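Student: Got a structure here, written out as structure tokens. Questions coming.
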Amino acid sequence: MPVAPFDPTKPEGFIISNPTHIARKLRAMVAAGPQKIYYLFDFDRTLTTSKYTGSDVTTWHILHGLLPEAGKKQSAAIRSKYLAMEAGGLLSVKDTLAWSSSELKLHGTHGTNIKQLEAAARTIALRDGARTLFTACQTYDIPTVILSAGVSDVIEIIADEHRISPTIILSIKLVTAADGRVIGWQRGSMVHTLNKREKANRRLASLRAERPYTVLIGDTLEDANMADGDDTVLRIRVCDVLKEDEDNPVDYLQQSFRAGYDMVVEGNLEPVVALTHWLHNQP
């Protein structure tokens, strides 16, 4: 499917907050040059979609879908406990570690195997335009970083299946036994809501020093905070449809813009592909 050309005065496929402010950001990025830009992605629901499955799809859903019924009930109880703490603003870093550790211990107990995980992960669809976007980034030598509170092993399998090659994947990394059973996770690899920030990671801080302009693409309100900065960060929110409040989709947009997003794109990433070509083909 051909990508419509990007017009900064009337960007097709985007809903925008403040045209003047966005135009200023785009001019600054163009003036800095393509070698000063990198792309920062969330993964679950940002690059993946439930459009084709009709159900929620995250890397954790894929992993926990391999548990037997008893394990799924245990997982649901653990998740309910910590989600309530998170909703109440009571979740600490220690709690997030205990949450993931408790969840992953279930897989050791019930014998989840990495081969099962590979088979399940390869059924997941990426958003339309995702592969084209990563190809464009490779063409222009733009580093692409996935920063996700999901599971790195699942992200890697999905990326391989769809032939996308992120420069860096920052997400929790599983540890497996010699027979392929999941037995834990690598300490220091965990990304969660409290540390899902560019400045919390040395590799990203180093990359940002070299490339001070960031195109950030996420799906939750919290994802807008993955990178710091105003004029140096272009924040794009992606969603399947404006469904947060079906009777009042404008409220979804208002929430997005209040959280710091500059642009909202619905359904697919083709508009971001057009933006990428435009950014890297200005005189």
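The values are calculated or read from the model by the stated rules, or taken from the named source; none is laboratory data. Nothing here was measured: the structure is a model prediction, and the numbers come from that model. Ideal geometry is used to build each Cβ from the backbone, glycine not excepted, and the neighbour counts take in all protein chains shown. The protein model used for the area step is the full one, side chains on, heavy atoms only, and it has no ligands, DNA or RNA in it. Shrake-Rupley method; radii C 1.70, N 1.55, O 1.52, S 1.80 Å.
Student: Given (1) at pLDDT 90 or above; (2) assigned to a helix (DSSP H, G or I); (3) open to solvent by 20 Å² or more (accessible area, probe 1.4 Å), where does C137 come up short, assuming only one miss?
Tutor: Result: C137 fails condition (3) only.
Student: Go over the candidates L40, L26 one by one and state the one that is closer than 22 Å to D223 by Cβ, modelled with pLDDT of 95 or more and within 23 Å of the chain's Cα centre (by Cα).
Tutor: Sole residue among the options that is closer than 22 Å to D223 by Cβ, modelled with pLDDT of 95 or more and within 23 Å of the chain's Cα centre (by Cα): L40.
Student: While we're looking at this one, here's another question. Can you name the residue in region 154-163 that is out of contact with any Asp or Glu (no Cβ under 8 Å at 6 or more places or on another chain) and free of Cβ contacts under 8 Å to residues at least 60 places away in the same chain and is also least open to solvent (accessible area, probe 1.4 Å) among such residues?
Tutor: A159
Student: Exactly one condition in (1) surrounded by 11 or more Cβ atoms within 10 Å (Cβ to Cβ); (2) closer than 13 Å to T193 by Cβ is not met by A87; state its number.
Tutor: The single condition A87 does not satisfy is (1).
Student: Let me ask another. Among the residues of region 53-74, count how many are under 26 Å from L126 (Cα atoms) and open to solvent by less than 40 Å² (accessible area, probe 1.4 Å).
Tutor: 7
Student: For region 164-187: of the residues being among the hydroxyl-bearing types (S, T, Y), within 16 Å of the chain's Cα centre (by Cα) and surrounded by 15 or more Cβ atoms within 10 Å (Cβ to Cβ), which is farthest from L67 (Cα to Cα)?
Tutor: Looking at the filtered set, the residue picked out is T167.
Student: Out of (1) under 30 Å from L207 (Cα atoms); (2) open to solvent by 30 Å² or more (accessible area, probe 1.4 Å); (3) under 21 Å from the mean Cα position of the chain (by Cα), the odd one out for D95 is which?
Tutor: Among (1) under 30 Å from L207 (Cα atoms); (2) open to solvent by 30 Å² or more (accessible area, probe 1.4 Å); (3) under 21 Å from the mean Cα position of the chain (by Cα), D95 violates only (3).
Student: Are there any pairs, at least 6 apart or on different chains, whose C-beta atoms fall under 6 Å, with the first in region 122-145 and in contact (Cβ under 8 Å) with a residue 60 or more places away in the chain and closer than 23 Å to P34 by Cβ and the second in a helix (DSSP H, G or I) and open to solvent by 20 Å² or more (accessible area, probe 1.4 Å), and if so, which?
Tutor: Close Cβ pairs (under 6 Å, with a partner that is in a helix (DSSP H, G or I) and open to solvent by 20 Å² or more (accessible area, probe 1.4 Å)) amount to G129/E270; Y140/P34.
Student: Right, another one. When you go through (1) over 11 Å from the mean Cα position of the chain (by Cα); (2) surrounded by 14 or more Cβ atoms within 10 Å (Cβ to Cβ); (3) at pLDDT 90 or above one by one for A31, which number turns out not to apply?
Tutor: (2)
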